[in-house]
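Read-outs throughout are calculated quantities, based only on the coordinates presented, and are distinct from any laboratory measurement. Predicted model only: the values in this text are computed from it and were never measured. Heads up, the Cβs are rebuilt from the backbone with ideal geometry, glycines too, and the neighbour counts pull from every protein chain shown.
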Amino acid sequence: MRALKPCALSFGLLLALCLPASAAVVYDSGGFEAPRFTTGFVEASDPTVIGNLRGQDAAVGQWREAGAAGGAAAGTAIVQTGVTLSGTQAVRVDRTTNDQRWSPLFTPPVNPIGGSINIDWDMNVLQAQGDPANFGPLFGVEAYGAANGTLRMGLLGVDATTGELLFLDPITGLVTTPADTKVGFGAWNHFTLSLDFATKTYGVALNNVLLATGIGFENPGASGLSDADIASLQAAPPAFANQSGTAFFDNYLITTVPGGGNGVVPLPPAVWTGLGIGGLIFIRRRLVSHVSGA
């Protein structure tokens, strides 16, 4: 389903991501390496999944899971050694029939007054083996606010059927970038979702190149970051969606960035709106809402 929407950036406008030296680390997965993460980990409440991400890294930021009941049938995030970008371990996420989310626990919510929060990760998405005329699933990261993690602010991910980079626009829903950016399947790419709490907007970047900024929070009432979920999601209504797929995640990192501006060089509002003359084609999808309680 296609819809016209005013554009935030022209096709040729790509800005380099700028991370100030004064940025502070909120959470660093350390590449999901041992001893904080192990392939043989057994989580007491779900011994059916060996190497489960849920329950690991308890001393730094214990990972939790949100979605359907645990177990392999619900989809898994498993620490493994077969496919990595750096080091010897990374996380394999498999979606079966349910939306699942995994996030480290850090409380209280992080609120960078007058600044931003950047969520960075490396991801390798395999092409879904379902009907090529359909969409999904979507693999990426969501950002949630409020003490109980119920207010979603933004989302950045990849459609495992089309390879399209998708982000969440609060007005039009799940859309492609202005240039309909795609990634190659079976290849590692670096992703950044940058939240500016001063303006309640966020920006998205691929391989340190800014693709869109000034995107409004889906829930502007969120006052801080409560969780940043590695997510495997349905990317379209069930009748049009591939249900299953696989992606790998490495080098998950959350930092605060003083000064705001989505952690990038922001565009002036006049430029932001002026570049939208004529409109651009975007893909709009329906996305299943977040289920808290992990």
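Taking 0.36 nm per intervening residue step and subtracting the Cα-Cα distance, what contour gain separates Ala44 from Thr199 on full extension?
51.6 nm
Highest mean first, how do 197-205, 138-146, 41-49, 176-184 rank when packing is the count of other Cβ atoms within 10 Å averaged over residues?
Working: 197-205: 22.9, 138-146: 26.0, 41-49: 13.7, 176-184: 17.9.
In decreasing order of mean packing, 197-205, 138-146, 41-49, 176-184 become 138-146, 197-205, 176-184, 41-49.
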